[in-house]
Structure formats: C-alpha cells, structure tokens
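Structure, as structure tokens:
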Amino acid sequence: MTIQKIYIVGSGQMGSGIAQVAIQAGYQVTISDVQESFVEKAKANIKKKLARLVEKGKLTKEDQETSVARLTTSINLNDAKDADLVIEAIVENEKIKGEVFQKLDEICKEEAILASNTSSISITQIAANTKRPDKVIGMHFFNPVPVMKLLEITRGLSTSDKTLKIAEEVGQKVGKVTIVSKDSPGFIVNRLLDPMLNEAVYLLDEGVATVDDIDKGMIYGCNHPMGPLALTDLIGLDVLLAVMEVLYQEYGDPKYRPCPLLRRMVKAGKLGKKSGEGFYKYD
Ligand code: 3HC
C-alpha cells in the first residue's frame, strides 16, 4: 500500500512537528484535536515555521504554498476514515490512548496503519485495543521534530513485516534516519536518555549544584547541544515523569525512581517551556 493520506491525532508540539515534516514530504495531512482553537493554533504555528524556512532560504515560496495546501484540520475523529496512516501523538496515558485506538480501529479503513508516537507505553498493549494488531506500530519522533533526524520505530508483538516496512518508508520520506526497537519499556533512546535527565533533577534536588552548573556540565563536558534540565523543559516535565513512571513500574529497579522534585514540579504545573516555567522561565 502506498501511503498518501496521513491523519494525526493531537496537535501539540509533537503532532504539529510531525504534520510539518509530512506536508513538506508531499503527504496529504490532517491534524486533529478536541478543539477548533487547538488545531487552528497548530496550523498557524506550522505556517510560521515554514515562513521562517523561506526567510532563511531553506524552502522556496512555491514549496511553502504547496505544503500548506496539503494541510487540513479536524476536530472529529471520524475524518480519519480515508487515512492510509494515522499517527497518534496525544497525552502519555495508556487508558486514553487505548480508547482512541479502539475508536480509530472502528473508523479507519481495513488496510490503514495505526501508529503511536508514544515514548514509553507498550505498543503491544496499545494494539490490544484493536482488531488489527499486525497494523499497529510505534513511530516515535523527537523534539523538535523538524530538526531531530531520528525516527524510532517499535514493533509490537504482532506487528507485521509489511507494516514495519511501510513505517520505515514513511520515516525515510520525511527525512529521518530510522531505527527499530522491540517493544521494551523506554525502547532504545528514552531508556538511555531519561534516566540521565532524571538524575540531573536529583542533583538539583539534593543541592549538589545549580541549574546553570548542571547544564553547563553536560554542554561543556560532554558536548551535548543543551543541558539536561533545559532539555527536560523542552520535552516537558510531565512527559519525563510519565516515562520514568513506566520504567520504574516495568523494571522495578530503584535506579528508575522518578525524582521527588520532578513530581512536585509537575504537581505545581511547572511543565517546562510549554507552561512558561520549568527549571527556567520562558516568555
Ligand atoms: N522547531 C523547528 N526548528 C527549530 C526549533 C523548533 N522548535 N528549535 C530550533 N530549531 C532550528 C532553528 O531554526 C535552527 O535552524 P537553522 O540552523 O536552520 O537556523 C536550528 O534548529 C538550531 O536552532 P538554534 O540556533 O535556535 O538553537 P540551537 O543550535 O541551540 O539548537 C536545538 C536548538 C535543535 C533544540 C538543540 O539544542 C538540540 O538539538 N537540543 C537537543 C534536543 C534533543 O535532544 N531532543 C530529543 C529530546 S528526547 C525526545 O524528544 C523524546 C521524547 O519521547 C521525550
């Protein structure tokens, strides 16, 4: 099957980023959410990002216009009925994702592939909400999607070779390097990255060093493009907490215990860049 129409569930930073790279790659994309104002905001953001690329000479005016013309919005999941591929990028909550996949399974055509951008939830578990587990797969993009080169693909227990091949082809068409992981908690990247970010929060909580010095340590000592606390702000403290909860629960190893400060900050609504404050403050 050739993928032409992609329906994206969730218009947050990940959903918008995926929509942007997909329209630029030539796909017909519908970005959806639960409120008109959310999808309109996402569309305006994508347009702004494309306009910046034109200003920088990285995209022609013509490509900008054809890309924007490929983007539509939706606040009704039933609009996914014509999609060849659905990519879900909503909140990291197993129950909510399960409900969405159950609905998508009923709405979407038989041959459609259902992908999740989950960073931590089991693809096998998500697929169990459908009658097409062979066509359910993890397509985990990285933030900011237009900049980060990786697409981490996860096979659930029943994901078919054909579904994997299609996901890899889509990944390559949107300009990503693809890697494949078994359905294991944290997959590859988050199992490596998130314990390090969580440890940075422990350093802060224990008063070992300041935010600035923790971040400088990894920027200047390890050549990371940004420090772990700034990166946590970018990803979202709630997202890091959700991944650490899954790692801790699934492996039962204390090394994955979410830092209490991370929990407190999430409770206080300090979610990072998206809420205006995390370890740093944002305009
Ligand atoms: N959207 C689109 N483009 C963006 C962007 C965004 N949100 N943020 C930055 N860019 C672009 C800029 O326009 C610029 O493009 P140019 O070179 O064409 O001018 C380029 O990226 C570099 O940006 P800046 O000069 O403003 O800033 P930096 O050089 O500091 O780069 C960064 C910013 C790309 C975010 C860099 O710091 C970086 O790579 N950080 C690490 C990000 C990372 O690790 N992401 C993975 C997180 S893990 C994850 O997402 C998984 C999840 O499951 C938790």
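Here, each number is a calculation from the coordinates, and none is a lab measurement. Owing to the predicted nature of the structure, the values given are computational and were not obtained by experimental measurement. Cβ sites come from the backbone with ideal geometry, for glycine too, and all protein chains shown count toward neighbours.
List of remarks:
- Members of LYS56/LYS162; LYS162/LYS267; LYS149/LYS182 lying beyond 32 Å, as alpha-carbon distances in this model show: LYS56/LYS162; LYS162/LYS267
- Separation between Cα centres of the range 108-127 and the range 187-258, rounded to whole Å: 27
- The chain: calculated mean residue ellipticity at 222 nm from DSSP helix runs of at least 4, using -39500 (n - 2.57): -14500 deg cm²/dmol
- For the chain, the relative contact order comes to 14 percent (Cα pairs under 8 Å, sequence separation of at least 6).
- Nitroxide proxy distance, nm - points 7 Å out along Cα→Cβ at VAL180 and LEU192: 1.9
- Rounded to the nearest whole Hz, the Karplus-based 3J(HN,Hα) values (6.51 cos²θ - 1.76 cosθ + 1.60, θ = phi - 60°) of the range 123-139 follow the sequence 5, 4, 5, 4, 5, 5, 7, 10, 9, 10, x, 5, 10, 10, 8, x, 10, with x at glycine and proline.
- GLU206/LYS255 FRET efficiency (R0 25 Å; Cβ-Cβ; nearest 0.05): 0.95
- Cα centre as origin, Lys/Arg/Asp/Glu Cβ charges: the range 189-275 dipole, Debye: 240
- A simple packing score, the average count of other Cβ atoms within 10 Å per residue, orders the peptides 6-13, 175-182 as 6-13, 175-182, with the highest score first.
- GNM top mover of SER37, SER120, SER158 - the chain, alpha-carbon springs below 10 Å: SER37
- Prolate/oblate/rounded label for the range 75-189 (Cα gyration tensor, a/c 1.5): rounded
- Percent of beta bridges antiparallel (DSSP, the chain, rounded to nearest 5): 20
- Helix screen, the chain: DSSP H segments with Cα axial length of 20 Å or more and mean Kyte-Doolittle hydropathy at least -1.0 are 36-55, 189-205, 237-251.
- Overall form of the chain per C-alpha gyration tensor (a/c, 1.5; a/b vs b/c): oblate
- Ranking ILE166, VAL147, ILE219 by Cα position along the charge dipole of the chain, where only Lys, Arg, Asp and Glu carry charges on their C-beta atoms, puts VAL147 farthest toward the positive end.
- As a calculated quantity, the FRET efficiency between LYS56 and LYS109 at R0 = 35 Å, using C-beta atoms, amounts to about 0.35.
- About the Cα centre, charge dipole magnitude for the chain (Lys/Arg +1, Asp/Glu -1 at Cβ), debye: 460
- Each peptide in 272-283, 163-174, 122-133 gets a packing score, the mean of other Cβ atoms within 10 Å over its residues, and the list from highest to lowest is 122-133, 163-174, 272-283.
- Global geometry of the range 170-237, whether rounded, prolate or oblate, following the gyration tensor of its Cα atoms and the 1.5 cut on a/c: prolate
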